[in-house]
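**Q** The structure under discussion is supplied below as structure tokens; questions concerning it will follow.
Just so it is clear, none of the values below were taken in a lab; they were calculated from the coordinates. These numbers come from a predicted model, not from an experiment. Reconstructed Cβ throughout: ideal geometry from the backbone, glycine too, with neighbour counts over all protein chains shown.
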Amino acid sequence: MSTPGDVAGEGWPLYEVFVRANRGLSHVHVGSLHAPDDDMALRNARDLYTRRNEGVSVWVVRSSAITTSDPDMKGAFFESPAGKNYRHAKYYEKSAEVPHL
Amino acid sequence: MTLTAPDASALHPDGDDVAELQARFDAIIEADQRIEPRDWMPEAYRKTLIRQISQHAHSEIIGMQPEGNWISRAPSLKRKAILMAKVQDEAGHGLYLYSAAQTLGISRDEMTEQLITSRARYSSIFNYPTPTWADMGAIGWLVDGAAICNQVPLCRASYGPYGRAMVRICKEESFHQRQGFEILLELSQGTPEQHEMAQDAVNRWYWPSLMMFGPPDDESPNSAQSMAWKIKRFSNDELRQRFVGMLVPQAEVLGLTLPDPNLRWNEETGQWDMSEIDWTEFHEVLAGRGPANAQRIQHRRDAHEQGAWVREAAAAYAEKQAARERQAA
């Protein structure tokens, strides 16, 4: 499998950008950009994705460093939910009327 | 994890039956789900998106020029700061869109090259000159207003990265329209000369802003396919009608008139009746014979060439740092 982000003719590597909107929240993927190195990627990410106080922390990571699942393997890779609704609280109906359960 | 670059297997399916891939693609579109970069997609869908998204990105980048031109002459420090923020947003919007296009397998350099050699288009609205301060108001109110009208439905475009870029853009764009409206309102309520200047700008930008929605539906050959792919959600004429409907009460608040004596609501058709749009002008400007086409491209080419040393220096520095790290390891 090719390295994701490895588009032919692209001079600078691809980075994925994650922003934490506030303390207590996760960093969330907000987009991507190309930059010559990690420092420039971080500065560009600040200018591009946080012009309006969108975050208190930014992560950038080279896309080539991310391992992904194969989009075409969806069915086979992920746990089949069929017949396994006992993993959800809603499955247990006898306790529906009981308070605090 | 959704990655933002196309996978080689999505670009060149091997072995897999294309009919089966097509069926899966159609099912995703049918179910109003989104196509993501690593999914297989028909070549024509990819090409259409590359063309549309890169044109859109180029429009944002070229769109910095008519307003950038006014930063030093804006009438107050507040207006200068606002205009700078707006122009900076446009650079940002261009970058979101270039990134979205890059997920389809075209490089940034390739797109820049297409723009500065005039092989790619951008919105013809930016080929009109901006001789007065009121033009900053008219651009915000009419040009950004038309852009928002076009862009809001694009937030639901079937291609994930494009839709997500549009969500960010639309959020930021509404300040652009409001600041333009405010400029016009202040001028309109100012001295008679200022009022006249505001009306003159509206007279010049009204028709070009209506042309931004593209040719009439019966002359827009690609629209049907784009709608079937759910890239486009409403037709050119539908959006134009919607836009005019929003402008009419806003113009009243401004105390300015829209330069169309035939504009009136038609109870029977439930549509706005309006004068015929001068499409010859649109096609002239589109063909590169507008007032400022050559100037806009020349300026972009100069900026690109004059910035080459910065890009080279950044790449050389990154290479040097990487070499140093390799040695240390």
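**Q** Taking the Cα centre of chain B as the origin, how large is its charge dipole in debye, to the nearest 20, when only Lys and Arg (+1) and Asp and Glu (-1) carry charge on their Cβ atoms?
**A** Here chain B has a charge dipole of around 1260 debye.
**Q** Whats the longest run of chain A with zero GluC sites (Glu not before Pro) that are DSSP loop and have at most 11 other Cβ atoms within 10 Å?
**A** Numbers: sites that count: A:E79, A:E93, A:E97.
Answer from the scan: A:1-78.
**Q** Would you mind counting up the charge near B:R51? Only other residues with Cβ under 14 Å from its Cβ, with Lys and Arg at +1 and Asp and Glu at -1.
**A** Values: positive: B:R46, B:K47, B:R119, B:R121, B:K232; negative: B:E43, B:E110.
With Lys, Arg at +1 and Asp, Glu at -1, the net is +3.
**Q** Put +1 on the Cβ of every Lys and Arg and -1 on every Asp and Glu Cβ in segment B:233-324; which of B:T257, B:G270, B:G307 then has its Cα farthest towards the positive end of the dipole?
**A** Towards the positive end, the residue furthest out is B:G307.
**Q** Round to a whole angstrom and tell me the spacing of the C-alpha centers of segment B:73-87 and segment B:187-261.
**A** Measuring centre to centre over Cα atoms gives 25 Å.
**Q** Can you tell me which aspartates and glutamates have their Cα less than 16 Å from the Cα of B:K78? Leave out same-chain residues fewer than eight positions away.
**A** Straight-line reach from B:K78, under 16 Å: B:E67, B:E182, B:E186.
**Q** Positive end of the charge dipole of chain B (Lys, Arg +1 and Asp, Glu -1 on Cβ, about the Cα centre): tell me which of B:S72, B:F234, B:F181 has its Cα farthest that way.
**A** Farthest towards the positive pole: B:S72.
**Q** Please compute the length gained on full extension between B:Q295 and B:K78, using 0.36 nm multiplied by the number of residues separating them and subtracting their Cα-Cα distance.
**A** Values: separation 217, 0.36 × 217 = 78.12 nm, distance 2.85 nm.
Result for the pair: 75.3 nm of gain on full extension.
**Q** Taking the Cβ of B:A313 as the center, what net charge do the other residues with Cβ under 14 Å away carry, scoring Lys and Arg +1 and Asp and Glu -1?
**A** With Lys, Arg at +1 and Asp, Glu at -1, the neighbours total -2.
**Q** Here's a follow-up. Read phi for every residue in segment B:59-65 and hand back ³J(HN,Hα) as whole Hz from Karplus 6.51 cos²θ - 1.76 cosθ + 1.60, θ = phi - 60°, with x for Gly and Pro.
**A** Values per residue, Gly and Pro as x: 4, 5, 5, 5, x, 5, 5 Hz.
**Q** Near A:K84, which lysines are there with a Cα under 19 Å away, not counting those fewer than 8 places off in the same chain?
**A** A:K84 reaches A:K74, A:K94.
**Q** Ordered by residue, what ³J(HN,Hα) values in Hz, to whole numbers, does segment B:168-179 give under the Karplus form 6.51 cos²θ - 1.76 cosθ + 1.60, where θ = phi - 60° and Gly and Pro are x?
**A** The phi angles translate into 4, 4, 4, 4, 7, 6, 5, 5, 4, 5, 5, 5 Hz.
**Q** Next question, about the same structure. Once R0 is set to 45 Å, what does the formula 1/(1 + (r/R0)^6) return for the Cβ-Cβ distance between B:R326 and A:A89, expressed as a FRET efficiency to the nearest 0.05? Could the numbers behind the result be given before it?
**A** On the way: r = 53 Å, r/R0 = 1.17.
It comes to 0.30.
**Q** Further question on the same structure: Loop sites only, by DSSP: take the GluC sites (Glu not before Pro) in chain B that have at most 16 other C-beta atoms within 10 Å and name the longest stretch containing none of them. Present the calculation step by step, with values, prior to reporting the outcome.
**A** Details: sites that count: B:E267, B:E268, B:E276.
Value returned for the longest uninterrupted segment is B:1-266.
**Q** Putting +1 on Lys and Arg Cβ atoms and -1 on Asp and Glu Cβ atoms, find which of B:S220, A:W59, A:G9 reaches farthest to the positive end of the dipole of the protein assembly as shown.
**A** So the residue we want is A:W59.
**Q** I would also like to ask the following. Working only with C-alpha atoms, what are the Rg and Dmax values of segment B:207-255, expressed in angstrom?
**A** 13.1, 42
**Q** Something else: Please report, in cubic angstrom per residue, the volume enclosed by the convex hull of the alpha-carbon atoms of the protein assembly as shown. Could you put the intermediate results ahead of the total?
**A** On the way: hull volume 100.5 nm³, N = 430.
Taking the convex hull of the Cα positions in the protein assembly as shown, it is 234 Å³ per residue.
**Q** Another question about this same structure. Report, by chain and number, residues whose modeled amide H sits under 5 Å from the one on A:S57, excluding near sequence neighbours (fewer than 5 apart, same chain).
**A** So A:S57 has HN proximity to A:R20.
**Q** Please compare each pair in B:K86/B:K232; B:K47/B:K171; B:K47/B:K232 to a cut-off of 18 Å on the Cα-Cα distance and tell me which ones are over it.
**A** Numbers: B:K86/B:K232 26 Å; B:K47/B:K171 27 Å; B:K47/B:K232 15 Å.
Check vs 18 Å cut-off fails for B:K86/B:K232; B:K47/B:K171.
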